[in-house]
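Visitor: This is the structure I have questions about; it appears just below.
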Amino acid sequence: AYHLIFDYSATVSAVGFVDYDLDMGDLGGLAIWEPPLRLDRVLTYHVYLAIDNSGSGARKLLAGVPQGARSAMVPLNTSVASFTHLVIYTKSSLVEQTTPSSFLFH
């Protein structure tokens, strides 16, 4: 018996953020991105705050939106704390991708 395994990459690009929260130390607004070229295995996008561009270490989930979306709202008054990046992962039916796309906001 054997199983067919696909090594498939689907990463968003052109990540940006429009901050509507004017409070120091807080953010809130619209995370935006361009979808991957191939969407056939992408189910959702997960948007996190992270302490670096690779999403390693501490991170905080802000939103999960379905495939087809190109943006997600980050709630107003979200504390930045020690986070410096917004990172976006694609997720398939099996797993969240290991390497996100990022936006440096701090």
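The values are calculated or read from the model by the stated rules, or taken from the named source; none is laboratory data. Just so it is clear, the structure is predicted and the values come from calculations on it, not from any experiment. Glycine gets a Cβ as well: all are built from the backbone with ideal geometry, and neighbour counts include every protein chain shown. These accessible areas exclude ligands, DNA and RNA; they are computed on the full protein's heavy atoms, side chains included. Shrake-Rupley method; radii C 1.70, N 1.55, O 1.52, S 1.80 Å.
Visitor: Looking at LEU30, is it assigned to a strand (DSSP E or B) and either aromatic (Phe, Trp, Tyr) or open to solvent by 30 Å² or more (accessible area, probe 1.4 Å) (or both)?
Guide: yes
Visitor: For ALA81, indicate whether it is assigned to a loop (DSSP other than H, G, I, E, B) and modelled with pLDDT under 95.
Guide: yes
Visitor: Provide a single number: the residues in the stretch 55-78 that are open to solvent by 20 Å² or more (accessible area, probe 1.4 Å), in a strand (DSSP E or B) and of a type in the set (A, V, I, L, M).
Guide: The number of residues fulfilling the criteria is 5.
Visitor: Still on this model: Please verify whether ASP52 is open to solvent by less than 60 Å² (accessible area, probe 1.4 Å), in a loop (DSSP other than H, G, I, E, B) and more than 30 Å from ILE5 (Cβ to Cβ), treating the condition exactly as stated.
Guide: No, not satisfied.
Visitor: Restricting attention to the stretch 84-106, does a residue exist that is among the aromatic types (Phe, Trp, Tyr) and without any contact (Cβ under 8 Å) to a residue 40 or more places away in the chain?
Guide: Within the stretch 84-106 (the criterion being among the aromatic types (Phe, Trp, Tyr) and without any contact (Cβ under 8 Å) to a residue 40 or more places away in the chain), the answer is no, since none of the residues qualifies.
Visitor: Out of (1) surrounded by 15 or more Cβ atoms within 10 Å (Cβ to Cβ); (2) of a type outside the set (Lys, Arg); (3) at pLDDT 95 or above, the odd one out for GLN97 is which?
Guide: Every listed condition holds for GLN97 apart from (3).
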